[in-house]
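Input: a single structure, listed below in structure tokens.
FYI, it's all coordinate maths here, none of it is from the lab. For clarity, every value in this text was computed on a predicted model and none was experimentally measured. Glycine also receives a Cβ, built like all others from the backbone with ideal geometry; neighbour counts cover every protein chain displayed.
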Amino acid sequence: MALLRRLLGAKCWAGLALATVSLTLNACGTAAYVDSRREAGQKTPVGTSTPDIPAICYSNGPGAAAEVAKMAESECAKTSRTAVRDHEDRWGCTMLTPRRIFFRCVPKP
């Protein structure tokens, strides 16, 4: 082990440890959520989600697409409409849920 440490150096081991922690956290992820954050005591949201365009933060993982679609339908159902995917961006939410997808609530056919 000492020979490996001498050959690779301490910086390499620190980088390897950081990469391992980062990959572990990204693999775990967290549950998807609607980006409708509010400041404490305020009624108006500071998140990007609106009743017409719900924004959902999520991470890639098993079943993520189905969960996100279900959440979007639930948000649009509050105004008796259905969800249609609009666009997506990365790194708009937290590090554990880096993707944000936007839907448009349209009248039901």
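Residues MET95, MET71, ranked from the fewest to the most other C-beta atoms within 10 Å, line up as MET95, MET71.
Each residue of segment 64-75 was assigned a 3J(HN,Hα) from its phi angle through the Karplus curve 6.51 cos²θ - 1.76 cosθ + 1.60 (θ = phi - 60°); the sequence is 5, 4, 5, 5, 5, 4, 5, 5, 5, 4, 5, 5 Hz, with glycine and proline shown as x. Here ILE53, ILE101 are placed in order of increasing Cβ neighbour count within 10 Å, fewest first, which gives ILE53, ILE101. Residues whose amide H falls under 5 Å from that of GLY92, counting only those 5 or more places apart or on a different chain, are ARG100, with hydrogens built in the peptide plane. Qualifying chymotrypsin sites (Phe, Trp or Tyr not before Pro) in segment 61-106, where qualification requires a DSSP coil assignment and no more than 16 other C-beta atoms within 10 Å, comprise TRP91.
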